[in-house]
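Notes follow the structure.
The values are calculated or read from the model by the stated rules, or taken from the named source; none is laboratory data. The structure displayed is predicted, hence computed values, not measured ones. Glycine also receives a Cβ, built like all others from the backbone with ideal geometry; neighbour counts cover every protein chain displayed. The accessibility values were calculated without ligands, DNA or RNA, using every heavy atom of the protein model including side chains. Shrake-Rupley method; radii C 1.70, N 1.55, O 1.52, S 1.80 Å.
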Amino acid sequence: MKNWKLTPIALGLAAFVSTSGHALGDDHAKEMTEAELQERIAETRAAIEQFASTLQGELVAAMEEGGPTQAIEVCNQRAPEIADEIAADTGWEVGRTSLKIRNPDNSPDEWERIQLEHFQSQHADGTPANELAPRHEVVEGDDGARFRFMAAIPTGGACLACHGSDIGSDVKHALERLYPDDQATGYSEGDVRGAFTITQEM
């Protein structure tokens with residue numbers, strides 16, 4: 001069996017940039033003081049880092065123990081559970097999304113799609129995926145204002161075993177079984193694979 005010992009960056013989950021993010025729709029943001037906004041951003045980033053590091057640790061262990069097929073099983077089961085655990089602790093909506101989804105439950109809404117397209121555009125213009133600034137905005141909806149935040153997920157080298165163009169037959173079979181409508185393949189290392197997304201009540 002291949003040696004699947006991985007560095008954290010190999011899975012593309014730890015490359016979380018340190019910039020505070022790009023603000024959108026400043027009208028509602030002005031209702032918060034700058035200190036309140038920065039505190040909200042810091043708390044949101046901490047939740048995303050918790051999500052990324054927890055999932056990453058379990059995926060690394062699964063890859064080392066059983067290779068990509070076991071990692072797929074872990075991601076299928078644990079990623080939603082980790083998101084739910086953080087949501088229960090914070091009261092926020094927590095998840096991942098992409099323009100090419102694997103799990104249909106992670107389909108982007110309109111605001112998320114716009115941010116994902118922005119990440120892709122910035123990346124196409126030369127910004128490395130792991131240097132894309134997170135996006136945040138206060139969005140007004142039918143049920144009131146929400147603080148929304150997204151941070152891009154770069155594609156690490158080890159991600160290509162399950163998300164690349166040259167995928168082994170055993171991995172293909174596992175994906176077909178768990179995700180019959182999978183779209184999340186064909187990536188190259190360094191691509192924007194998707195984003196972490198968080199929604200908070202104001």
Subject >> Cα extents of region 155-202 along the three principal axes, largest first (Å) >> reply: 47, 25, 14
Subject >> Column: log10 I(q)/I(0), Debye, Cα scatterers of region 47-92, q = 0.20, 0.25, 0.30, 0.31 Å⁻¹ >> reply: -0.60, -0.81, -1.01, -1.04
Original post:
Which whole-number value in Å² is the accessible area per residue of region 41-137, probe 1.4 Å?
Top reply: 47
Subject >> Relative contact order, percent, region 99-195 [alpha-carbon distance under 8 Å, six or more residues apart] >> reply: 35
Subject >> Potential extension, Lys100-Ser169 segment - 0.36 nm per residue separation minus Cα distance >> reply: 22.8 nm
Original post:
If each of Glu110 and Glu49 carries a label point 7 Å out from its Cα toward its Cβ, how far apart are those two points in nm?
Top reply: 3.4
Original post:
Under a point-charge model restricted to the Cβ atoms of Lys and Arg (+1) and Asp and Glu (-1), what is the dipole moment magnitude of region 139-202 relative to its Cα centre, in debye to the nearest 20?
Top reply: 160
Subject >> Under 5 Å, built H, 5+ apart or other chain: amide partners of Arg193 >> reply: Ile153, Thr155
**OP:** Quote the FRET efficiency, to the nearest 0.05, computed for Gln120 versus Glu65 with a Förster distance R0 of 30 Å and r equal to the Cβ-Cβ distance.
**Re:** 0.35
Original post:
Given region 69-187 reduced to its alpha-carbon atoms as identical point scatterers, what log10 I(q)/I(0) does the Debye formula return at q = 0.12, 0.13, 0.23 Å⁻¹?
Top reply: -0.52, -0.61, -1.46
**OP:** Taking 7 Å along the Cα-to-C-beta vector as the label spot, tell me the Asp181-Thr127 distance in nanometres, rounded to one decimal.
**Re:** 3.1
**OP:** Take the Cα atoms of region 113-157, build their convex hull, and give its volume per residue in Å³.
**Re:** 79
Subject >> Simple spin-label estimate for Asp142 and Ala88 in nanometres, 7 Å along Cα-Cβ >> reply: 2.9
